[in-house]
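Remarks on the structure that follows.
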Amino acid sequence: MTPAVAGSIWKENVKIADANNRPGKFTAFCSYEYTSQNNNINLHRNIFFRDCTHIPEMPYSALDSWHPEDLWKWMDAQRKAGNQLLAISHNANLSSGWMYPIDVDSFGRPIDAAWAADRDVNERLVEIKQIKGQSETHPLLSPNDEFASYELSSGLLGLGPTVGKIDKIQGSYGRQALKDGITMKDVRGYNPYKFGMAGGSDSHNAGSPYRHDNFYGGHAQIDGTVDRRMAGVLAFGTLDVRLENPGGLTGVWAEENTRESLWEAMYRKETFGVSGPHIKVRFFGGWGFNKKIFDAKDWVHQSYTNGVPMGADLPAMP
């Protein structure tokens, strides 16, 4: 836990990120995973720093505290020290309802407006698709959605398949959290779940598979070959590697391919998550738009001027 030991690995990661960062061509962030796994409940977050100039000696880890609220306090302190950073929630489908609580926080304290504000400033995006299942929705939450059963994974990490099933889906999926947040705003006056969407891989290999026709697994020797993978070898004691999926991708609307520009776009939530296809999705909301805008050469400029992009707050109708 001392910076002289664990901190040396962090410094090496930062050095690698800086060495491979090519502004305008390829962006490598200084980032890490906060791996909170209390009682086998997944509360992981991925932390991204805007730049690498003032980063701490060591990142805050679950060895310091497994409570997300303590992570946010550390992030707030980092911000005061000159660091800009954000968190992306990760594998909410394995959180047993604790990624998006509506009544009490991880300490058992009632959720209030201060909690909602702290979450909003720190956790700007949520991951809805990755190798260990999707975290967008569930058939029991979206019974009228024919795609709701897409790539489900429902076991708690580290437990055997017979005891690792999650019995609480409320609070584990992003689409329901968006609806819960709207309800909380109407009833209580605050909304902790105004997040943007992202996709990720969580591959434990050097490479990340994104296509079914070239899927080589995500956990090294456990599933690196087809015969090994089809034998049903368990990863982490519960994850049947035959049920792994290719990773997801995050689309980011940014002015340029640099740390600063990409991070700013992520923080303003002008992003989207996809299951692999390199599609481009762009949404704007406004009260004065009509179909004629598609004929305008400056439609993007008009959209920013007269409306708001995805991830932003749409003002009330005039």
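Results for (1) touching a residue at least 24 places away in the same chain (Cβ under 8 Å); (2) crowded, with 17+ Cβ neighbours inside 10 Å, shown as yes or no for each residue.
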{"residue": "Phe48", "(1), (2)": "yes, yes"}
{"residue": "Cys52", "(1), (2)": "yes, yes"}
{"residue": "Glu57", "(1), (2)": "yes, no"}
{"residue": "Gln78", "(1), (2)": "no, yes"}
{"residue": "Ala92", "(1), (2)": "yes, yes"}
{"residue": "Tyr100", "(1), (2)": "yes, yes"}
{"residue": "Ile111", "(1), (2)": "yes, yes"}
{"residue": "Ala116", "(1), (2)": "yes, yes"}
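Might you check whether a residue that is among the basic types (Lys, Arg), modelled with pLDDT of 95 or more and on the phi < 0 side of the Ramachandran plot occurs anywhere in the stretch 201-216?
Checking the stretch 201-216: not a single residue is among the basic types (Lys, Arg), modelled with pLDDT of 95 or more and on the phi < 0 side of the Ramachandran plot.
Of the residues Lys194, Lys185, which single one is part of a helix (DSSP H, G or I) and closer than 30 Å to Trp253 by Cα?
Working: Lys194 fails: part of a helix (DSSP H, G or I).
The match here is Lys185.
Within the stretch 265-284, can one find any residue that is more than 20 Å from the chain's Cα centre (by Cα) and among the β-branched types (Val, Ile, Thr)?
No, every residue in the stretch 265-284 fails to be more than 20 Å from the chain's Cα centre (by Cα) and among the β-branched types (Val, Ile, Thr).
Conditions: (1) in contact with a Gly (Cβ under 8 Å, 6 or more places away or on another chain); (2) in a loop (DSSP other than H, G, I, E, B). Arg124 meets all but one. Number of the miss?
All conditions pass for Arg124, except number (2).
Tell me the residue from Asp70, Asp118, Asp51 that is touching a helix residue (DSSP H, G or I) at 6+ places or on another chain (Cβ under 7 Å), closer than 30 Å to Thr137 by Cβ and of a type in the set (Asp, Glu), please. Full working, then the answer.
On the way: Asp70 fails: touching a helix residue (DSSP H, G or I) at 6+ places or on another chain (Cβ under 7 Å); Asp51 fails: closer than 30 Å to Thr137 by Cβ.
Of the residues listed, the single one that is touching a helix residue (DSSP H, G or I) at 6+ places or on another chain (Cβ under 7 Å), closer than 30 Å to Thr137 by Cβ and of a type in the set (Asp, Glu) is Asp118.
The values are calculated or read from the model by the stated rules, or taken from the named source; none is laboratory data. Keep in mind that what you see is a predicted model, and the values were worked out from it rather than measured. Positions of Cβ are backbone-derived with ideal geometry, glycine not excepted, and every protein chain shown enters the neighbour counts.
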